[in-house]
Amino acid sequence: MKIGLVGFPGSGKTTVFNALTGLDADTGYGGAKPGTKNLGVVRVPDTRVDQLAELYSPKKTTYAEVVFCDIAGGTGSRELDRSVLNSMREMDAICQVLCAFDNPASADPADPARELNDLQTETVLADLEIVERRVDRLRKDRSDPQLLKLLERILESLENEQPVRSLGLDANERKLVSGYQFLTLKPLLLVLNVAEAAVAEAPDPALITAAEAAGSRLVPLSAQVEMDIAQMPAEDRAEFYEELGLGEPAGHRFVRAAFELLQLVTMLTAGPDECRAWPVRAGSKAPVAAGKIHSDIERGFIRAEVTRWNDLVELGSEAKCRDVGKLRVEGRDYIVQDGDVCHFRFNV
Ligand SMILES: Nc1nc2c(ncn2[C@@H]2O[C@H](COP(=O)(O)OP(=O)(O)O)[C@@H](O)[C@H]2O)c(=O)[nH]1
Ligand SMILES: [Mg+2]
């Protein structure tokens, strides 16, 4: 899963990036060259994987991973570079960093609602350009009436300045337009970068409403504080979180919000070779989820043997789970649930 961090210059993208990854990319108001990208991989903390690994002592323990891409580039305080919009198309989800702390390099007070609105306008226009061209062509050559009808709906929404996301397209419709990589269809997460003193305050209700209207969620955090802590030696961090009353690293909250937004659930596999978390789309049937592990397992799928992670940890083995009826045998229509430990039987 690749999440692009975007926003206007000085909103704190690189600071958020460092906070989430623990890396040390350059921050400051110097203005990174447009298109400059910082890449960082973060493993998704998951106590279920930890407990399964404790049970099996596997050769390998693998967590789910999120790749963060900090995309620099604003041509002014209200506009993004073309290269930024193009980079955004390659992402699975977009995270906009909204500046809500008073920036000493800027005369204007922080205005996160305006930043949200400005980025929405730009992405709506970028999508509109694509749809207009495509609709024109389809109207002329009449080659695909079904697609035309869908694109006309999308066109209307964009003309009303509504993101494609707000149309609530079903899986089939999403598939039809997946090739266009609409920016306003990508899941959007909003980081509200607040001043250190405001971490505990509830965000402005109007901004929460605006985030919901954009089909998004707001994650408030103080990037500077989180970055400073993330860059400390691991053994010192917990103490600072406690001292500051932060509870847990912002990264944990952020990743949970991202999973929810992307509608991902975690399937687990466990054994002496490897204990591992696999992010799968919510609603995936067993063979599709199995295909994440290997396409052969999807192709030759016979059945899934499923235990709940906590039953397995409690009872200590699949055999014991089977004895007390806590191991289920599921077929190809089974929808994998968050926290299922799956063992697939297949034949190729
Ligand atoms: N006081 C304060 N300063 C911050 C915060 N987040 C970022 N900054 C500062 O704002 C400046 C711009 O941040 P940066 O991450 O480089 O912004 P970018 O242009 O969006 O990548 C840097 O000097 C940061 O130290 C914050 O939460 N509080
Ligand atoms: Mg930066």
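Restricting Leu218, Leu268, Leu261, Leu246 to those that are among the hydrophobic types (A, V, I, L, M, F, W, C), buried (at least 17 other Cβ atoms within 10 Å of the Cβ) and free of Cβ contacts under 8 Å to residues at least 40 places away in the same chain reduces the list to Leu218. Scanning the range 89-110 for residues that are open to solvent by less than 40 Å² (accessible area, probe 1.4 Å) and within 15 Å of ligand 2 (Cβ to nearest atom) returns Cys95, Gln96, Val97, Leu98, Cys99, Asn103. Restricting attention to the range 25-59, the residues being farther than 17 Å from Val255 by Cα, touching a helix residue (DSSP H, G or I) at 6+ places or on another chain (Cβ under 6 Å) and not aliphatic (A, V, I, L, M) number 5.
Tell me yes or no: at least one residue of the range 117-139 is touching a Cys at 6+ places or on another chain (Cβ under 7 Å), open to solvent by less than 10 Å² (accessible area, probe 1.4 Å) and hydrophobic (A, V, I, L, M, F, W, C). No, the range 117-139 contains no residue that is touching a Cys at 6+ places or on another chain (Cβ under 7 Å), open to solvent by less than 10 Å² (accessible area, probe 1.4 Å) and hydrophobic (A, V, I, L, M, F, W, C).
Residues that are touching a helix residue (DSSP H, G or I) at 6+ places or on another chain (Cβ under 9 Å) and in contact (Cβ under 8 Å) with a residue 24 or more places away in the chain: list the helices (runs of 4 or more DSSP H) wholly contained in the range 75-188 that include at least 3 such residues.
Qualifying helices (runs of 4 or more DSSP H): 82-89, 112-141, 145-159.
Selection within the range 25-46: residues that are more than 9 Å from ligand 2 (Cβ to nearest atom), not in a loop (DSSP other than H, G, I, E, B) and not charged (D, E, K, R). The member of this set that is most open to solvent (accessible area, probe 1.4 Å) is Leu39.
Among the residues of the range 1-24, those that are assigned to a loop (DSSP other than H, G, I, E, B), touching a strand residue (DSSP E or B) at 6+ places or on another chain (Cβ under 9 Å) and either free of Cβ contacts under 8 Å to residues at least 12 places away in the same chain or more than 8 Å from ligand 1 (Cβ to nearest atom) (or both) comprise Met1, Gly22, Leu23.
For the range 200-228, a residue qualifies if it is out of contact with any helix residue (DSSP H, G or I) (no Cβ under 7 Å at 6 or more places or on another chain) and part of a loop (DSSP other than H, G, I, E, B), and the qualifying residues are Ala200, Glu201, Ala202, Pro203, Asp204, Ser216. Selection of the range 271-282 for residues being open to solvent by less than 50 Å² (accessible area, probe 1.4 Å) and modelled with pLDDT under 95 yields Pro279, Val280. Here the condition is being over 26 Å from Gly22 (Cβ atoms) and in contact with a Gly (Cβ under 7 Å, 6 or more places away or on another chain); of Leu151, Leu80, Leu85, Leu138, it holds for Leu80 alone. Of all residues in the range 57-74, those that are of a type in the set (Asp, Glu) have Cβ atoms under 7 Å from Cβ atoms of residues that are assigned to a loop (DSSP other than H, G, I, E, B), 6 or more apart or on another chain, in Glu65/Val44; Asp70/Ala25.
The values are calculated or read from the model by the stated rules, or taken from the named source; none is laboratory data. What you see is a predicted model; the values in this text were computed from it and never measured. Cβ: placed from backbone, ideal geometry, glycine included. Neighbour counts: every protein chain shown. Surface accessibility is based on the protein's heavy atoms, side chains included, excluding ligands, DNA and RNA. Shrake-Rupley method; radii C 1.70, N 1.55, O 1.52, S 1.80 Å.
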